[in-house]
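Single-structure report; data block below.
What follows is calculated from the coordinates using simple rules that are stated; it is not laboratory data. Source: prediction; values computed, not measured. Because the Cβ atoms are built from the backbone with ideal geometry, glycine has one as well, and the counts that use them run over all protein chains shown.
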Amino acid sequence: FTVFAPTDDAFAALPDGLLDDLLDDPTGALTDILLYHVVGAFALSTDLSDGQMITTLLGEDVVVTIANGSVFINDAEVIIADLVADNGVVHVIDAVLVPVGTNVTDFNVFEGINIFPNPARDMVTIEANLNSASNVTLEVFNIIGSQVLRYDLGSRSDMVRETLDVSFLPQGSYVITLRTSTDVITRKINIVR
């Protein structure tokens with residue numbers, strides 16, 4: 001087997017109460033999510049290639065992205081690779097993988113915001129359901145906290161969907177922040193070249 005194992009921090013980053021809800025029904029969405037983290041074959045990091053699609057035990061594919069020495073499984077970065085065990089190998093990742101269509105209320109949305117693709121190369125799309133928010137601002141910060149992009153979106157009473165050109169940004173990790181008059185919603189994104 002190959003297991004993509006999220007860190008404790010990845011589980012802690014889930015929306016409040018979601019992990020408890022999943023554990024309350026271990027034969028439901030939790031089973032699907034766990035099966036989505038396991039592949040029925042032994043694959044070291046050297047066996048992975050950029051753009052590779054890998055079918056998990058759930059029967060759904062994950063996508064491998066490799067850029068400048070960083071490896072991503074969907075939008076989760078592999079932070080420790082090739083932990084060989086008796087029956088397979090473990091790759092530690094920094095986010096929980098969620099299959100499309102999982103029976104969890106928009107599990108892919110972290111604190112109300114969905115960003116894709118992640119990692120991104122040239123363009124990134126941000127979606128958020130704001131439910132009548134005013135003074136909406138979209139900001140992107142680099143890893144040292146400097147603002148590199150800012151968009152004033154005005155008042156919104158619906159889903160925000162903005163596509164940003166990030167082709168000019170250097171490779172690295174960034175924080176996207178969506179600010180309203182009452183909330184601040186953030187998400188980490190990786191830019192790869």
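Some observations on this one:
- Given (1) 46, 39, 37; (2) 55, 40, 24; (3) 51, 41, 34, the label whose value is Cα extents along the principal axes in Å derived from this model: (2)
- Highest-first arrangement of 43-52, 29-38, where packing means the average Cβ count within 10 Å: 29-38, 43-52
- Here's the picture: charge each Lys and Arg Cβ at +1 and each Asp and Glu Cβ at -1 in the chain, and of LEU48, ALA95, ILE66 the one pushed furthest to the positive end of that dipole is ILE66.
- Every helix of 4 or more DSSP H residues in the chain counts as -39500 (n - 2.57), and over all residues that averages to -2500 deg cm²/dmol at 222 nm.
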